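Note sheet for the following structure.
Rule-based calculations on the coordinates, nothing more; no lab input. Only a predicted model underlies this, so the values are computations on that prediction, with no experimental measurement involved. Cβ atoms come from the backbone with ideal geometry, glycine included; neighbour counts cover every protein chain shown.
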Amino acid sequence: MKLSDIDFDLRLPKPPMVLVAVLMIGAFVPMGIGSAIWFKRNYFDPNPRIHIFQDMDNQAKKKAQSTSDVFVDGRAMRDYVPGTVAWGRSANSTDPGMLKSDDLAYRGFEISPETGEKVVLEDENGNPVPKFLAGYPDIVEVDQAFIRHGQEQYMIHCYTCHGADGRGMGPAKRAMDVLATYDQGVPKAKATGTVALIPANLTDPKFVEGTYANGKVFNVITHGQGTMNGLGPMIKVKDRWAIIAYVRAMQTSQQQAAAE
Ligand code: HEC
């Protein structure tokens, strides 16, 4: 007997059309949604996104540097009215520092009146440096009371790191050293380098008057330097100059022999 003689149907019954349709939709629809999302996320669309909760997010306004048909010159931004002064300041103010236009006092270096840019000199290595003020600006008068005031400000703002004698061993520095070498009172097997605070020794000859200009110290106080933070926002401009006068007095006293 041959196999072909046996009479039975080896073909499986066809699945119902509904099932085929459901499976095909089930396979292709998520792919379609996925590609649509991918496309939307990766291609630039000049139209804004669909934004359901507006919450005043979109308002009619002119952005900086944009154009406007309202004005003849076509610019949305308007120029200052000639002769106006910075908002919140009074033209009748008796304070000559009103506009902080005295660059030596408020920046510590010279600005060229012609170009409005920093006057730049070269240091011994040929690198550009601002022309720092060597002495004191006109807004301060250096006398004993001023230096005393500077001492007070120094003790508030600098002492913690630079120390009372300026040698860089203030309480913050000493505490950091303890943190680096002790763990809860127990000496660490190996000092960790993670806490390192090395305030400059302000009595070092490289920081004395004539070598390190007052304007440069002013900039270190204002903007910081290396690992020292800028303290500008915390110390008034005149107080910064007072601190400088005190640091100078301190340096002088530290350079003298005991007999002098
Ligand atoms: C939080 C600690 C801290 C305080 C507060 C602090 N300093 Fe310093 N200062 C440092 C450290 C640290 C350095 C070393 C910075 C470096 O070289 O990376 C430094 C460096 C300096 C230098 C030398 C910058 C140079 O050119 O090398 C001057 C000048 C100075 N400080 C002045 C002051 C004066 C003035 C005050 C107070 C108004 C002050 N510092 C407050 C930590 C401090």
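Before moving on, here are some points about what is shown:
- 18 Å Cα-Cα reach of K188 towards aspartates and glutamates, excluding residues that sit fewer than 8 places from it in its own chain: D177
- Reach of K238 by Cα under 30 Å, taken over lysines that are not fewer than 8 positions away in the same chain: K100, K118, K131, K173, K206, K216
- Residue order, fewest to most surrounding Cβ atoms within 10 angstrom, among R248, R75, R167: R75, R167, R248
- For the chain, averaging the sequence separation of C-alpha pairs within contact (under 8 Å, six or more residues apart) and dividing by the residue count gives a relative contact order of 15 percent.
- Note on K14: lysines with a C-alpha under 29 Å away, same-chain residues under 8 apart excluded, are K2.
- Helical contribution to [θ] at 222 nm, DSSP H n ≥ 4, -39,500 (n - 2.57), averaged over the chain, rounded to 500: -10500 deg cm²/dmol
- Model label points for M169 and I198, set 7 angstrom from Cα along the Cα-to-Cβ axis, are 1.7 nm apart.
- Size of the chain as Cα extents on the principal axes (Å, biggest first): 133, 75, 41
- Under-5 Å amide H pairs with R75, H placed in peptide plane, nonlocal only: S68
- Under 5 Å, built H, 5+ apart or other chain: amide partners of L121: V129, K131
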